[in-house]
Amino acid sequence: MAKAIVQRPTGTKDVIPSQIHKWNTVEGIVKSQAEAYGFKEIRIPTFEETGLFVRSVGDTTDVVQKEMYSVSATSDRNGVDAGYTLRPEGTAGSIRALIENGLLNEALPQKIFYVLSCFRHEKPQAGRLREFHQFGVEMAGTQDPRADAEVISLAKSILDTAGLRNIQLNINSIGCPECRAKYQQALRDYFKPHLGKMCDTCHNRYEKNPLRLLDCKSEICSEIAKDAPVILDYLCDDCRTHFEKLQNYLMAMDIEFSINPKIVRGLDYYTKTVFEFISNDIGSQGTVCGGGRYDGLIEQLGGKPTPALGFGMGLERLILTMESQNAEFIEEESCDIYIASMGDDAASKAMQLCRVLREDGVRAECDVVGRGLRAQMKYADKINAKFSVVLGDSELEEGKAVLKNMQSGEQCDIPLDDRFGEVFNAMLIAYQLSGEEFEGLDLSALTGN
């Protein structure tokens, strides 16, 4: 096969029609579950000013240092040089939108969700692409640990509705700025004797954000970090109480969890609660969902001090996990009826009938290529049409045609007058109720023959 002149960029993926039903499944699940919990959809720009992500995600993170797709602009309308970045995640832009549109002045908590594409320049692998799709929720205006439990419960409801098994919830608290300062000093004291063995990135993080040392992917650095102090030993009374209440609420809702003091999440804006849902069925990239609390982010981005929390869920990873566990997807929709024709008059009638059916929500097709009858029927079979009708001069003259069930081969007459749409819809409903074999269904009773 000759190589295509133009190919899709590395780290991206086409979703072709035969796969789209999987995306429709997961998008339907996440939206319906979010709405059941009172979240409302928001849509934000694909790119933002680069400074938004530097301030929120953190200039010591891999996302900002290595993975963002950014361009520089000559200047903005105030004469200041500006740069723009394709969003690497959804939280920063969503929080900016809450602030800029005055939503934080309305009833609190504000509860929003989104389904969007994100972009990170990293090594493509299973479940990790350079353009990926993320479902996320944000809740702003509450510092109560019940909100943490509610957000975690929503994430679990989505995974349960998707039919996933063996998904482990891990939780941790990374404290507030007060207790984290003491923990950061403890980390510096621990890592200082090992700095000579550690990577250049960790050398940079040592002073700026030692918490990031726990998240390094280098084998040597990861091995050193195994025995590092844990944040739970440094929590202040308020953070400890918050974490204990969260555990109580999760137990009250029968949500199983494990405490994992090594979870810090990959972005700098997190405070107090962090959590991850992990699967062992998709290789090394096992995090299906991750999130937590970020009480300082809104103030950091220019808003009034307002506590907030949320999570993000990669849809590619969700689909990959569902596939690995043979979870059910909604069935791929196919043509309800194909109307074949012989001759110009019959072709016109076929187009007219298709229009009538489509107005009633029926997936109807007819020939638009100029094929012969045999080729039309082959096409109807290839597109998995449930029913077919053949129109010719005799059918037009008699005012009726033969309707064929393409799965069972059963046939019956169907009128070509104003009753056509009504009769076919009745038969289609009966077909859907009876299943593909169409056994025991009296077709003639539906058509009045």
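The values are calculated or read from the model by the stated rules, or taken from the named source; none is laboratory data. What you see is a predicted model, and the numbers here were worked out from it, not measured in a lab. Quick reminder, even Gly has a Cβ in these numbers, built from the backbone with ideal geometry, and neighbours come from all protein chains shown.
Taking the condition of being in a loop (DSSP other than H, G, I, E, B) and of a type in the set (D, E, K, R), how many residues in the range 404-426 meet it? Here the count works out to 4.
Yes or no: the range 383-392 includes at least one residue that is surrounded by fewer than 19 Cβ atoms within 10 Å (Cβ to Cβ) and of a type in the set (Ser, Thr, Tyr). Can you show your working first?
Step one: filter the range 383-392 for residues surrounded by fewer than 19 Cβ atoms within 10 Å (Cβ to Cβ), giving 383-384, 392.
Narrowing further to those that are of a type in the set (Ser, Thr, Tyr): none.
No, because not a single residue in the range 383-392 is surrounded by fewer than 19 Cβ atoms within 10 Å (Cβ to Cβ) and of a type in the set (Ser, Thr, Tyr).
Table: residues versus (1) of a type in the set (Gly, Ala, Ser); (2) free of Cβ contacts under 8 Å to residues at least 12 places away in the same chain.
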{"residue": "Ala225", "(1), (2)": "yes, no"}
{"residue": "Pro229", "(1), (2)": "no, no"}
{"residue": "Cys239", "(1), (2)": "no, no"}
{"residue": "Tyr249", "(1), (2)": "no, no"}
{"residue": "Phe275", "(1), (2)": "no, no"}
{"residue": "Gly296", "(1), (2)": "yes, no"}
{"residue": "Gly302", "(1), (2)": "yes, no"}
{"residue": "Pro305", "(1), (2)": "no, yes"}
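Among the residues of the range 202-249, which ones are out of contact with any Cys (no Cβ under 6 Å at 6 or more places or on another chain) and outside any helix (DSSP H, G or I)? Those that are out of contact with any Cys (no Cβ under 6 Å at 6 or more places or on another chain) and outside any helix (DSSP H, G or I): Asn209, Lys217, Lys226, Asp227, Ala228, Pro229, Val230. Given Ala308, Ala346, which one is among the small types (Gly, Ala, Ser), in the same structural domain as Arg55 (by TED's automatic domain parsing) and over 30 Å from Gln125 (Cα atoms)? Every option except Ala308 fails the conditions.
Take the residues of the range 315-355 that are among the β-branched types (Val, Ile, Thr) and more than 30 Å from Ile167 (Cβ to Cβ): which is surrounded by the most Cβ atoms within 10 Å (Cβ to Cβ)?
Ile339
Among all positions in the range 379-399, there is at least one residue which is outside any loop (DSSP other than H, G, I, E, B), closer than 16 Å to Asn425 by Cα and either among the hydroxyl-bearing types (Ser, Thr, Tyr) or not assigned by TED's automatic domain parsing to the domain that holds Gly421 (or both). The C-beta contact set for the range 414-434 (first residue farther than 13 Å from Leu357 by Cβ, second residue part of a strand (DSSP E or B) and not hydrophobic (A, V, I, L, M, F, W, C), distance under 7 angstrom, 6+ apart or interchain) comprises Pro415/Lys400. Among the residues of the range 356-382, those identified as in contact (Cβ under 8 Å) with a residue 24 or more places away in the chain, in contact with a helix residue (DSSP H, G or I) (Cβ under 9 Å, 6 or more places away or on another chain), within 25 Å of Ser18 (Cα to Cα) and surrounded by 13 or more Cβ atoms within 10 Å (Cβ to Cβ) are Leu357, Val362, Arg363, Ala364, Glu365, Cys366, Asp367. The strands (runs of 3 or more DSSP E) found entirely in the range 87-177 that carry 2 or more residues being under 30 Å from Asp14 (Cα atoms) and modelled with pLDDT of 95 or more are 110-119, 131-140.
Quick grid of which residues meet (1) touching a helix residue (DSSP H, G or I) at 6+ places or on another chain (Cβ under 8 Å); (2) not hydrophobic (A, V, I, L, M, F, W, C):
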{"position": "Thr161", "(1), (2)": "yes, yes"}
{"position": "Leu164", "(1), (2)": "yes, no"}
{"position": "Ala181", "(1), (2)": "no, no"}
{"position": "Arg188", "(1), (2)": "yes, yes"}
{"position": "Lys197", "(1), (2)": "yes, yes"}
